[in-house]
Amino acid sequence: MRIVIAVDKFAGTLSAVEAAEAVAEGWRWADPGARTRLLPLSDGGPGFVEVLHTALGGTLHETEATGPLGGPVPARYLMSGATAYIESAQVCGLHLVPPERRDPGATTSRGVGELIAHAAAAGARSVVVGLGGSSSNDGGAGMLAALGAEPADALGSGGAALSALPAPVDLTAARTAVRGVSLIAATDVDNPLLGLQGASAVFGPQKGADADQVQRLDTALGAFAEATDPGGLGEEAGAGAAGGLGYGMLLLGGAVESGVARVLGAVGLAEDVASADLVVTGEGSFDTQSLRGKLPHGVAQAAADQGVACVVLAGAVAVGRREAAAAGICETYSLVEAAGSTEAALNDSAAQLRALAANVARRWSGGRARSADAAR
């Protein structure tokens, strides 16, 4: 039996690589004859570079860049041929900011621009930036400042400072810095920059903003948009990704693409699924957002296209059987339910996931897989 294990990270506990390995080990405990193909995945957020390096090989470039609070942080990006892959969370991720210092009005995306410049200097003709897990809400202003946009100090001081820009924004140097380089923002969200579905309203509270600050940040981003592109790039799908980093990349002539599609194409998921008997996918929390273009949904669709059954192993499951089936998922399995509690599931998550995978393998081994229609 050939099993394709295509899982995302289990946020806060296991990276995508660790989760895939745990599922494979558990499966082989129960079915030693199973052939497992591990495809750890990412939608553009944390783990983006690691996942693509595992799939594509290439060269990791180690460097240092400005972190969200202004100090230096270690970072790396992947070069595969003439394409560089950058993970924005490495330099402006929420995990880099202690809970007591979380303030999306003060954090900056400057480090992302530094990584883009570094990759361009290394010979990249295409730069793919994975967006997700950010602590910033500056519309990509810090990134633009790092590439030469003026006034640099005001642009690189966080989202709150954008409400009082001391001079018109000049993007000439920033656009010149990336001339001849194709920029792609890889993200799984389609939020615009402003408004009720924008960067501040939807993602600001996750980064520490209260209701009043959300309004102030949205107003600041509105002023920034007026000073940079009153024509409406902020309304484009994905402009609000990663605190508006999507908008900053659009200002540089970049394009927004599905991070899920980019990763699934890079790892060759369709080819592996075509010869599989069963596809296993999963993530930390499988909920309604998972069915709106996130990784498990993309994996399930790829399996359905080939007529192969797909199951989900997740930390927690908040999707009903009917909703899951409509997305091409035959069964869902919850780590929390199997362990008995959230606390138990979080205690040595790798061991818990191995045990869950072993139990699922016992149910699915022995000819139950291959046909998604039959499995339903």
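The values are calculated or read from the model by the stated rules, or taken from the named source; none is laboratory data. Keep in mind that what you see is a predicted model, and the values were worked out from it rather than measured. Every residue, glycine among them, receives a Cβ derived from its backbone with ideal geometry; neighbour counts consider all protein chains shown. Calculation scope for accessible area: heavy atoms of the full protein, side chains included, ligands and nucleic acids excluded. Shrake-Rupley method; radii C 1.70, N 1.55, O 1.52, S 1.80 Å.
Below is a table of values for the structure above.
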item	result
Förster-model FRET efficiency, 30 Å R0, Arg175 and Glu235, C-beta, rounded to 0.05	0.90
Alpha-carbon centroid distance for the pair the stretch 244-274 / the stretch 158-215, whole angstrom	19
The stretch 280-343: mean projected area of Cα convex hull, nm²	3.9
The stretch 152-186 residues near the modelled Ala255 label - backbone nitrogen below 11 Å, point 7 Å along Cα→Cβ	182-185
Separation in nanometres of the label points that stand 7 Å from Cα toward Cβ, at Gln301 and Glu62	3.9
Alpha carbon Rg of the stretch 48-260, scaled by the compact-globule rule 2.2 N^0.38 Å	0.91
Whether the stretch 130-180 is rounded, prolate or oblate, judged on the alpha carbon gyration tensor where a/c under 1.5 counts as rounded	oblate
Heavy-atom accessible area order for Asp190, Asp31, largest first, 1.4 Å probe	Asp190, Asp31
P(r) of the stretch 229-376 over all Cα-Cα pairs, binned every 10 Å from zero, in whole percent	11, 32, 31, 17, 8, 1, 0
Segment Trp29-Ala316, extension gain: residue separation times 0.36 nm, minus the distance between their alpha carbons	101.0 nm
The chain, relative contact order in percent, only Cα pairs under 8 angstrom and at least six apart counted	19
Surrounding net charge for Leu194, when Lys and Arg each add one and Asp and Glu each subtract one, Cβ distance under 10 Å	-2
Leu196-Gln289 FRET efficiency (beta carbon distance; Förster radius 30 Å; 0.05 resolution)	0.95
Debye log10 I(q)/I(0) for the stretch 1-133, one point scatterer per Cα, at q = 0.21 Å⁻¹	-1.16
Stokes-Einstein D for the stretch 1-51, Kirkwood Rh over Cα pairs, 4 °C, 1.567 mPa s (µm²/s)	116
Linear extension gain, Glu100 paired with Ser126, 0.36 nm per residue minus alpha-carbon span	5.6 nm
